[in-house]
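Reading through the structure tokens given below for one structure.
The values are calculated or read from the model by the stated rules, or taken from the named source; none is laboratory data. Every value quoted in this text rests on a predicted model; they were computed, and no experiment measured them. All Cβ positions, glycine included, derive from the backbone under ideal geometry; neighbour counts span all protein chains shown. Just so you know, the surface numbers come from the protein's heavy atoms only, side chains and all, with ligands and any DNA or RNA stripped out. Shrake-Rupley method; radii C 1.70, N 1.55, O 1.52, S 1.80 Å.
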Amino acid sequence: MPIRVLVAKPGLDGHDRGAKVVAKALRDAGMEVIYTGLRQTPGQIVEAAIQEDVDIIGLSCLSGAHMALFPRVLELLRERGAGDVLVTGGGIIPLEDVPKLKKAGIAEVFGPGTTSDEIVAFIRKNVKQRT
Amino acid sequence: MGLAEKVATGDRRAAARLISMIEDGDESVRTELADLHCRGGRAHIVGVTGSPGAGKSTLIHKLALEWRRRGRTVGIIAVDPSSPFTGGALLGDRIRMQELSTDRGVFIRSMSSRGNPGGVAKATADAVRVLDALGMDKVIVETVGAGQSEVAVMDVVHTVLVVVVPGLGDDIQAIKAGILEIGDLFVINKADRDGVEAAQRELEMMLELSSEKGPWTPPIVKTVARTGDGIPELVGKIDEHWEMIRREGLLEESERQRCRREVLELLKHKAVLSLLSEYGPDEFDALIHDVARRKLHPHDAVERIMGDKKRKN
């Protein structure tokens, strides 16, 4: 069964080149990728993740608001009983924030220079085959 | 509590899970689906088809907003093709439906055809049952109107909208075969562009040629989905079609036809699987090899498979 991924852009920056490149790479790796477009609130992202029943959410943020937005997505997922959905982050994330995000429950942070192969490999390894 | 029961109480996560299991062809949901089928049948199912770029997603977004204004709940199933090479898919219909994304009266699901044209219609029919059970008054099914499989997807709906845009004479040519016959309503979207009159004339002409006279003459509605022009009128016409079907006693007949097609499709699918399961994969490959080397006609290969089955019984 194909892995289902939501690629989402929380916050107000208008740069989704990176998100689109990742979305295409995941599609080419045989996954079903749902892309929701720019400027999504955490509430919109979580609701889309639930309706689409995705295995993983890839958040991309280049505005610097990741410390507020990423944990909020995790919180809402747990509130909706969907805490099992894997969440990763990407974009311009200062290195010192990475441990904090991971502590909050972000499974992995992919900074600039990450290859799409690395992302694909991470997802394949960490998404639990559902029963 | 089973998934079907949870869906009936409005549990959106259960609905989403159930649709995934349907897509995966999971046999363990069969009883749940039977439950949904027997309890369901309330929703009006609307199909929207048309070439890529006709503005289907934007139009559906606006239709859903209009129905929400009128107090209706709306489910949306957007079917997109998967890549024939990797099986992956990029599903982007939600981009154009953002205003709906946190409305609890709306449920949007993107589905990929998973390289299996026959299967997508089957999964769509069951996904529609889930959204019906979730209490959606209107369930919209969106698909690119090219090819047999998309026409098959439209088999599961009560009302078919065919969306065209002006300025592409060939576009209307392309929808002639197959799609024109199944349209209950025609929408000329992007009607602020040049060529609207020509598109309308062409549609009218083809409709006159093809349609048999019944209680319903397919109307042609002009819209500009981006601005919302023509949307209330279109919603009015769609609801009118639904009322007409029920008033004229056509609903039962249409349900019967849809169920007949669905049962036949499932039967074909199962029959093929059961025939092949008794015929070993190696033997099957050998048979195909002979056909490819022109020692055997495909007809005779089929006869051989069916003959072997009879012998074994």
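Taking amide H as placed 1.01 Å from N in the peptide plane, the amide H of residue B:113 sits under 5 Å from that of B:80, B:82, each at least 5 places away or on another chain.
Highest mobility in the GNM of chain B, judged by mean-square fluctuation with C-alpha springs under 10 Å and restricted to B:133, B:292, B:64, is found for B:292. Put B:102, B:159, B:86 in order of accessible area, highest first, and with a 1.4 Å probe you get B:102, B:86, B:159.
Need one number: the % of Cα-Cα pairs in the range B:263-312 sitting beyond the 11 Å mark. Of all Cα-Cα pairs in the range B:263-312, 69 percent lie more than 11 Å apart. Among B:47, B:183, B:236, the largest mean-square fluctuation in a Gaussian network model of chain B, built with springs joining Cα atoms closer than 10 Å, belongs to B:236.
Taking the Cα centre of the range B:38-250 as reference, the dipole from Cβ charges on Lys and Arg (+1) and Asp and Glu (-1) amounts to some 840 debye.
For the range B:251-291, the convex hull spanned by the alpha carbon atoms encloses 56 Å³ per residue.
Is the shape of the range B:1-158 best called rounded, prolate or oblate, per the rule: a/c under 1.5 gives rounded, else a/b larger than b/c gives prolate, else oblate, with a ≥ b ≥ c the square roots of the Cα gyration tensor eigenvalues? Cα axes put the range B:1-158 in the oblate bin. Remark: the protein assembly as shown carries a charge dipole of roughly 800 debye about the Cα centre, counting +1 on each Lys and Arg Cβ and -1 on each Asp and Glu Cβ. Note on chain B: with a GNM built from Cα contacts shorter than 10 Å, the maximum mean-square fluctuation among B:301, B:152, B:43 falls on B:301. Put simply, the amide H of residue A:40, placed in the peptide plane, has neighbours under 5 Å in A:9, A:11, leaving out anything fewer than 5 places away on its chain. Each helix, a run of at least 4 DSSP H residues, gives -39500 (n - 2.57); summed and divided by the residues of chain B, these come to -17000 deg cm²/dmol at 222 nm. Distance between the C-alpha centres of the range B:213-265 and the range B:40-80: 12 Å, rounded to the whole angstrom. When Rg and Dmax are taken over the Cα atoms of the range B:38-250, they come to 16.3, 49 Å.
Rolling a 1.4 angstrom probe over the protein heavy atoms with all chains in place gives the protein assembly as shown an accessible area of 48 Å² per residue. Taking a point 7 Å from the Cα of residue B:34 along the Cα-to-Cβ direction, the residues of the range B:1-18 with backbone N closer than 16 Å to it are B:2-5. Taking Cβ atoms as reference points and 15 Å as the exclusive limit, the residues near residue A:63 contribute a net charge of +1, counting Lys and Arg as +1 and Asp and Glu as -1. Axis of helix B:56-69 versus longest Cα principal axis of chain B: the two differ by about 60°, to the nearest ten degrees. 3J(HN,Hα) couplings calculated from phi for the range B:223-238 with the Karplus curve 6.51 cos²θ - 1.76 cosθ + 1.60 (θ = phi - 60°) are, in sequence order, 9, 10, 4, 4, 9, x, 4, x, 5, x, 5, 5, 4, x, 5, 5 Hz; Gly and Pro show x.
Computed over the Cα atoms of the range A:56-131, the ratio of the radius of gyration to the Kirkwood radius (Rg/Rh) comes to 0.96.
Measure up A:102/A:125; B:56/B:237; B:138/B:268; B:138/B:237; A:20/A:128; A:20/A:102 against 19 Å on the Cα-Cα distance and list the ones that go over. Don't jump to the answer; show the numbers that get you there.
Details: A:102/A:125 17 Å; B:56/B:237 17 Å; B:138/B:268 30 Å; B:138/B:237 14 Å; A:20/A:128 24 Å; A:20/A:102 24 Å.
Those over the limit are B:138/B:268; A:20/A:128; A:20/A:102.
Treating each Cα of chain A as one equal point scatterer and applying the Debye formula with no solvent, the log10 of I(q)/I(0) at q = 0.20 Å⁻¹ comes out as -1.19. Computed over every Cα-Cα pair of the protein assembly as shown and binned at 20 Å starting from 0, the pair-distance distribution P(r) comes out as 23, 51, 24, 1 percent. Mind checking the full-extension length gain between residue B:181 and residue B:262? Use 0.36 nm per residue of separation minus the Cα-Cα distance, one decimal, nm. Separation in residues times 0.36 nm, less the Cα-Cα distance, equals 27.2 nm.
Per residue, how much space in cubic angstrom lies within the convex hull of the C-alpha atoms of the range B:26-65? It would help to have the intermediate numbers written out before the result.
Details: hull volume 4.9 nm³, N = 40.
That works out to 122 Å³ per residue.
Summed over both chains, the accessible area lost when B and A associate is about 2500 Å², using a 1.4 Å probe. Using just its DSSP H runs of length 4 or more, each adding -39500 (n - 2.57), chain A gives a mean residue ellipticity at 222 nm of -13000 deg cm²/dmol after division by all residues. Taking Cα centre as origin and charging only the Cβ of basic (Lys, Arg, +1) and acidic (Asp, Glu, -1) residues, the dipole magnitude of chain A rounds to 60 debye. Entry note, chain B: relative contact order of 18 percent, from Cα contacts under 8 Å with a spacing of 6+ residues.
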